[in-house]
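One structure below.
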Amino acid sequence: MMRSSKVKLALFALATTFFAVGVTEFISVGVLPAIAQEFQISTSTAGLITTMYALGVALGAPVLTLVTSGFDKERLFYTQGDYGLFQCSVPCHNETYDNEAIIKKMVEQQKDMKIPTELIPKCPKCGADMTMNLRIDNRFVEDEGWHKAQARYEKFLAENEQKKIVYLELGVGMNTPGIIKYPFLQMTSQNPQAEFITFNAQRFEYPVQLEPQIIQIVGDIAENLSELVN
C-alpha cells in the first residue's frame with residue numbers, strides 16, 4: 001500500500017510537470033511578440049516574464065531531481081533549450097550562462113512583477129539584453145554543451161536503430177512535432193522491431209502501415225501510468 005501511494009504521488013507530480021512545462025513554454029513563447037508590441041519593449045525583454053518559471057526549473061525541476069537521485073545529466077538532450085540558461089539576444093556569440101544567481105536576485109527584489117533596472121541581464125560581450133536560451137526563433141544559441149548532447153543522442157540512436165527498441169512519447173502534441181513525434185515515427189517505420197508508444201490527452205491519426213507498431217494510450221497521463229503500474 002505504501003509503495004502504491006508513492007507511485008501515485010510520483011505519477012501525479014510527473015503529470016503536473018508535463019502540464020506546467022507545456023502551458024508555460026508554448027503559450028508564453030507564442031505570444032512574446034504581441035506582449036513586446038503591447039508594452040513597447042524588445043522581444044528579448046518580454047522573454048524575461050518567464051523568469052519566475054525559470055527559477056522553478058533552475059532550482060527544483062527535473063534536472064535537480066535527476067541529478068540528486070544519481071541520474072546522469074549527460075543522458076539528457078535539451079533540444080529546445082533550457083530555462084536555466086541565458087544567452088545574448090542578438091546573439092553576438094555562441095555561449096550560454098547559468099542564470100540561477102541572477103534569477104534569485106530578481107525574485108528577492110521584484111515588486112508588482114517588476115525588477116530593478118540594474119538586474120536586467122546584459123550580454124558581457126556586446127551589452128545587448130540577455131534572454132532565455134529557448135528556441136523561439138533563428139537566434140537560438142546552440143552552444144558547445146548543446147552540440148555534445150546532440151552527438152551523444154545521435155550516437156545512441158545509431159547504435160540502437162535496428163535493435164528491439166521502444167520510442168516513448170509523453171504528452172507531445174502538434175506544436176513542434178518535428179522535434180520528437182515525426183522523428184520517432186520515422187525511426188519506427190525503418191525498424192520492424194521498433195514500437196512507438198504514445199501517452200496523450202487526445203488520439204492522433206498515424207499512417208495505416210504503422211498501426212501494428214503503434215500503441216496509443218489516450219487520457220490523463222498520471223491515471224494511465226498508475227493503472228499500468230498497478
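The values are calculated or read from the model by the stated rules, or taken from the named source; none is laboratory data. Only a predicted model underlies this, so the values are computations on that prediction, with no experimental measurement involved. So basically every Cβ, Gly included, is an ideal-geometry build from the backbone, and we count neighbours across all protein chains shown. SASA here: full protein model, heavy atoms, side chains in, ligands and nucleic acids out. Shrake-Rupley method; radii C 1.70, N 1.55, O 1.52, S 1.80 Å.
Report, by residue number, each residue of the range 202-228 that is more than 25 Å from the chain's Cα centre (by Cα) and farther than 25 Å from N191 by Cβ.
E227
Taking the criterion of being without any contact (Cβ under 8 Å) to a residue 40 or more places away in the chain and either more than 17 Å from the chain's Cα centre (by Cα) or not in a strand (DSSP E or B) (or both), would at least one residue in the range 72-83 satisfy it?
Taking every residue of the range 72-83 in turn, at least one turns out to be without any contact (Cβ under 8 Å) to a residue 40 or more places away in the chain and either more than 17 Å from the chain's Cα centre (by Cα) or not in a strand (DSSP E or B) (or both).
Just the residues that are among the aliphatic types (A, V, I, L, M) and surrounded by 13 or more Cβ atoms within 10 Å (Cβ to Cβ), please, taken from the range 216-230.
I217, I221, A222, L225
For (1) under 20 Å from the mean Cα position of the chain (by Cα); (2) open to solvent by less than 30 Å² (accessible area, probe 1.4 Å); (3) within 18 Å of T79 (Cα to Cα), each residue gets a yes or a no:
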| residue | (1), (2), (3) |
| --- | --- |
| V166 | no, no, no |
| G178 | yes, no, yes |
| Q190 | no, no, no |
| T198 | yes, yes, no |
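I need the full set of residues from the range 85-110 which are open to solvent by 60 Å² or more (accessible area, probe 1.4 Å) and either closer than 15 Å to I136 by Cα or among the β-branched types (V, I, T) (or both), in order please.
Within the range 85-110, V90 is the sole residue that qualifies.
Looking at the range 153-162, which of the residues that are touching a residue at least 12 places away in the same chain (Cβ under 8 Å) and surrounded by fewer than 14 Cβ atoms within 10 Å (Cβ to Cβ) is nearest to the chain's Cα centre (by Cα)?
Applying the filter and picking the extreme gives L157.
Do we find that E118 is open to solvent by 30 Å² or more (accessible area, probe 1.4 Å), without any contact (Cβ under 8 Å) to a residue 12 or more places away in the chain and over 25 Å from S89 (Cα atoms) in this structure?
Against the criterion (open to solvent by 30 Å² or more (accessible area, probe 1.4 Å), without any contact (Cβ under 8 Å) to a residue 12 or more places away in the chain and over 25 Å from S89 (Cα atoms)), E118 does not qualify.
Taking the conditions exactly as written (of a type in the set (A, V, I, L, M, F, W, C), open to solvent by 30 Å² or more (accessible area, probe 1.4 Å) and more than 29 Å from H93 (Cβ to Cβ)), does V208 satisfy them or not?
The answer is yes for V208.
Report yes if some residue within the range 68-84 is at pLDDT 90 or above, touching a helix residue (DSSP H, G or I) at 6+ places or on another chain (Cβ under 7 Å) and open to solvent by less than 70 Å² (accessible area, probe 1.4 Å); otherwise report no.
No, every residue in the range 68-84 fails to be at pLDDT 90 or above, touching a helix residue (DSSP H, G or I) at 6+ places or on another chain (Cβ under 7 Å) and open to solvent by less than 70 Å² (accessible area, probe 1.4 Å).
Tell me which residues, restricted to the range 205-221, are in contact with a strand residue (DSSP E or B) (Cβ under 7 Å, 6 or more places away or on another chain) and free of Cβ contacts under 8 Å to residues at least 24 places away in the same chain.
Scanning the range 205-221 gives Y206, I215, Q216, I217, V218.
What residue, among those in the range 121-151 that are under 22 Å from L32 (Cα atoms) and of a type in the set (S, T, N, Q), is most open to solvent (accessible area, probe 1.4 Å)?
Checked the range 121-151; the qualifying residue most open to solvent (accessible area, probe 1.4 Å) is N138.
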